[in-house]
Structure formats: C-alpha cells, structure tokens
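Chemist: Got a structure here, written out as structure tokens. Questions coming.
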Amino acid sequence: MIKAAVACFAVLYAVVATAVPVGLTAQAPSSPFLARHYHEGDTFSYQMTTSNKGRTDTLNYTIRADATVKRDADGKFFEEIA
C-alpha cells in the first residue's frame, strides 16, 4: 500500500512539474479562463484522487501536493512544490 502511494505521488509530482508554468511572460494568454496571475507568497494545493483495482481488492487513495509562489533573482515567478 505504501509503495503504491509513493509511486502515485511520483507520478503526480511529474505531472505537476511538467504542467505548471515555471515563469510568466509578458504575452497575453490565449484564453482568459486559463490565465494565471501570480502573487509572491500565494499558496495552493494540487490534489489527485484515484483507485487501484486489483484481483482481490481495490485501493483508494488521495495525494496532495502543496505549492507556494516564489520569485527568483530575475523577478520571474515559480511554484515551489512541497
């Protein structure tokens, strides 16, 4: 059970790390519904709920990753995920 949860967290981390923009650009977003507006210090969470059905039982679990918006030395925003 712990191995499955760790593996799922690794997948979630990989998805979040590739799906989240590292920095903002001055370009206008293609859709205002998908635009992100960062403010340094903002916090939020990603949550993934899933189930793993085996031959004899089903394992249901939820994984949560907390993020904080930070600014690098160049002034670009990024999400630090813990």
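Per-residue answers, yes or no, for (1) within 10 Å of the chain's Cα centre (by Cα); (2) modelled with pLDDT under 90:
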site	(1), (2)
Val11	no, yes
Val20	yes, yes
Arg36	no, yes
Glu40	no, no
Gly75	no, no
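Chemist: Related question: Criterion first (acidic (Asp, Glu), surrounded by 11 or more Cβ atoms within 10 Å (Cβ to Cβ) and either out of contact with any His (no Cβ under 7 Å at 6 or more places or on another chain) or assigned to a loop (DSSP other than H, G, I, E, B) (or both)) does Glu40 satisfy it?
Modeler: no
Chemist: Here's something else I'd like to know. Thr50: polar (S, T, N, Q), in a strand (DSSP E or B) and in contact (Cβ under 8 Å) with a residue 40 or more places away in the chain, yes or no?
Modeler: Yes; evaluated as a whole, the condition is true for this residue.
Chemist: Anything in the stretch 53-75 that is among the β-branched types (Val, Ile, Thr) and assigned to a strand (DSSP E or B)? List them, or say none.
Modeler: Residues satisfying the conditions are Thr58, Thr62, Ile63, Thr68, Val69.
Chemist: Filter the stretch 45-73 down to the residues that are hydrophobic (A, V, I, L, M, F, W, C) and either touching a strand residue (DSSP E or B) at 6+ places or on another chain (Cβ under 7 Å) or at pLDDT below 90 (or both) and list them by number.
Modeler: Residues satisfying the conditions are Met48, Leu59, Ile63, Ala65, Ala67, Val69.
Chemist: Within the stretch 48-82, track down each residue that is within 20 Å of Arg36 (Cα to Cα) and among the basic types (Lys, Arg).
Modeler: Lys70, Arg71, Lys76
The values are calculated or read from the model by the stated rules, or taken from the named source; none is laboratory data. Predicted, not measured: the structure shown is a model, and the values here were computed from it. Glycine also receives a Cβ, built like all others from the backbone with ideal geometry; neighbour counts cover every protein chain displayed.
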